[in-house]
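A short worksheet on the structure shown next.
The values are calculated or read from the model by the stated rules, or taken from the named source; none is laboratory data. Remember, predicted model here, so these are calculated numbers, not experimental data. Glycine gets a Cβ as well: all are built from the backbone with ideal geometry, and neighbour counts include every protein chain shown. Areas reflect the complete protein model, heavy atoms only, side chains present, ligands, DNA and RNA absent. Shrake-Rupley method; radii C 1.70, N 1.55, O 1.52, S 1.80 Å.
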Amino acid sequence: FNKITHDIPMLSLDNAFSEEDFKDFIRRAQSFLKNFDFAELFAELKIDGLSFSARYENGILVQASTRGDGYVGEDVTANLKTIKDFPQQLKDVPKIFEVRGEIYISKNDFIEMNRHQEKKFANPRNAAAGSLRQLNSSITASRPLKYFVYSLGSTSEIFAKTQAELIQKFHELQLNVAPYCSQIHSLAEVRAYYQKILALREELPFEIDGVVFKINDYNLQQRLGFRGR
């Protein structure tokens with residue numbers, strides 16, 4: 001599971017990143033890229049789950065892993081295959097095709113599952129992580145795991161040129177994508193998106209721990225480089 005991701009910068013709902021931090025990122029991007037503007041941003045929810053990577057070869061799911069320490073993850077192939085709506089085959093994708101996302105348990109499923117657990121889980125994220133890492137895949141199969149995908153890892157050919165295009169193609173492949181994705185065109189829209197999600201947060205059927213604003217164009221992402229923060 002490659003440590004480098006496209007999920008930077010992130011403006012967190014817990015204010016770990018201030019608006020001034022965000023403005024500073026935009027200023028630096030504009031200075032470096034010269035012609036960069038807000039039309040190049042894409043906003044998404046940051047799902048509070050367990051990160052995973054799933055690799056397809058010739059359209060067949062062959063391997064899945066957790067993120068682990070960012071370099072080496074745990075093999076969870078057999079367990080991922082027990083998630084009922086996770087596709088084990090995909091059509092019209094590159095020969096090598098790796099998707100990345102989050103495994104989670106919804107709020108209601110978590111409450112119901114904990115009712116039948118002798119040892120209670122502390123929160124949905126811990127429940128999802130513990131369920132996916134089970135040595136016995138039949139236990140994983142009994143848990144109400146769900147998933148969202150949000151990016152690509154290794155691919156044998158270019159599949160999408162922007163994050164917006166990628167999300168649309170994920171929809172077409174019938175891969176689950178988190179709701180409330182949106183292209184952003186101004187700082188005012190950044191604020192509006194942030195406030196909208198903040199207001200909706202308690203009503204969402206799953207837990208989130210932030211919102212993510214991505215550089216939409218992958219060529220621009222590569223030119224800017226990556227930050228680990």
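Can you find even one residue in the range 198-207 that is in a helix (DSSP H, G or I) and either of a type in the set (S, T, N, Q) or over 30 Å from Arg27 (Cβ atoms) (or both)?
Of the range 198-207, the ones in a helix (DSSP H, G or I) are 198-203.
The next check asks that each one be either of a type in the set (S, T, N, Q) or over 30 Å from Arg27 (Cβ atoms) (or both); those that pass are 202-203.
Looking through the range 198-207, at least one residue is in a helix (DSSP H, G or I) and either of a type in the set (S, T, N, Q) or over 30 Å from Arg27 (Cβ atoms) (or both).
Given the condition without any contact (Cβ under 8 Å) to a residue 40 or more places away in the chain, part of a helix (DSSP H, G or I) and over 27 Å from Phe97 (Cβ atoms), answer yes or no: does some residue in the range 221-228 qualify?
no
Considering only residues that are touching a strand residue (DSSP E or B) at 6+ places or on another chain (Cβ under 7 Å), in contact (Cβ under 8 Å) with a residue 60 or more places away in the chain and open to solvent by less than 60 Å² (accessible area, probe 1.4 Å), which ones fall in the range 177-186?
Taking the range 177-186 first, the residues touching a strand residue (DSSP E or B) at 6+ places or on another chain (Cβ under 7 Å) are 177-178, 180-184.
Applying the additional criterion that residues be in contact (Cβ under 8 Å) with a residue 60 or more places away in the chain yields 178, 180-184.
Passing the criteria: Ala178, Cys181, Ser182, Ile184.
Here is a yes/no grid of residues against (1) at pLDDT 95 or above; (2) open to solvent by 20 Å² or more (accessible area, probe 1.4 Å); (3) within 22 Å of Phe86 (Cβ to Cβ):
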{"residue": "Glu157", "(1), (2), (3)": "yes, yes, no"}
{"residue": "His171", "(1), (2), (3)": "yes, yes, yes"}
{"residue": "Ala188", "(1), (2), (3)": "no, yes, no"}
{"residue": "Val211", "(1), (2), (3)": "no, no, no"}
{"residue": "Leu220", "(1), (2), (3)": "no, yes, no"}
{"residue": "Gly225", "(1), (2), (3)": "no, yes, no"}
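Restricting attention to the range 112-119, does a residue exist that is touching a residue at least 24 places away in the same chain (Cβ under 8 Å) and in contact with a strand residue (DSSP E or B) (Cβ under 8 Å, 6 or more places away or on another chain)?
no
Could you please find all residues in the range 90-111 being without any contact (Cβ under 8 Å) to a residue 60 or more places away in the chain, among the charged types (D, E, K, R) and farther than 23 Å from Ile167 by Cα?
Selection gives Asp109 alone.
Restricting attention to the range 91-103, report how many residues are part of a loop (DSSP other than H, G, I, E, B) and in contact with a strand residue (DSSP E or B) (Cβ under 6 Å, 6 or more places away or on another chain). Spell out how you get there, then give the answer.
Applying the first criterion (part of a loop (DSSP other than H, G, I, E, B)) to the range 91-103 yields 91-95.
Adding the requirement that they be in contact with a strand residue (DSSP E or B) (Cβ under 6 Å, 6 or more places away or on another chain) leaves 94.
Adding up the residues that qualify gives 1.
Tell me, yes or no, whether the range 63-70 has at least one residue that is hydroxyl-bearing (Ser, Thr, Tyr), out of contact with any Ser or Thr (no Cβ under 8 Å at 6 or more places or on another chain), under 18 Å from Ser51 (Cβ atoms) and touching a residue at least 12 places away in the same chain (Cβ under 8 Å). Steps first, answer last, please.
First pass over the range 63-70, keeping only residues hydroxyl-bearing (Ser, Thr, Tyr): 65-66.
From the residues that got through so far, the ones that are out of contact with any Ser or Thr (no Cβ under 8 Å at 6 or more places or on another chain) too are none.
So far as the range 63-70 goes, no, none of its residues is hydroxyl-bearing (Ser, Thr, Tyr), out of contact with any Ser or Thr (no Cβ under 8 Å at 6 or more places or on another chain), under 18 Å from Ser51 (Cβ atoms) and touching a residue at least 12 places away in the same chain (Cβ under 8 Å).
Could you tell me whether any residue of the range 192-208 is farther than 25 Å from Asp85 by Cβ, touching a helix residue (DSSP H, G or I) at 6+ places or on another chain (Cβ under 7 Å), at pLDDT below 95 and crowded, with 18+ Cβ neighbours inside 10 Å? Show your work before the answer.
Keep residues of the range 192-208 that are farther than 25 Å from Asp85 by Cβ, which gives 192-196, 198-199, 202.
Right, trim to touching a helix residue (DSSP H, G or I) at 6+ places or on another chain (Cβ under 7 Å) and you get none.
There is no residue in the range 192-208 that is farther than 25 Å from Asp85 by Cβ, touching a helix residue (DSSP H, G or I) at 6+ places or on another chain (Cβ under 7 Å), at pLDDT below 95 and crowded, with 18+ Cβ neighbours inside 10 Å.
Being within 29 Å of Asn58 (Cβ to Cβ), open to solvent by 50 Å² or more (accessible area, probe 1.4 Å) and in contact with an Asp or Glu (Cβ under 7 Å, 6 or more places away or on another chain) is the filter here, so list the residues in the range 96-153 that pass it.
Across the range 96-153, the qualifying residue is only Arg133.
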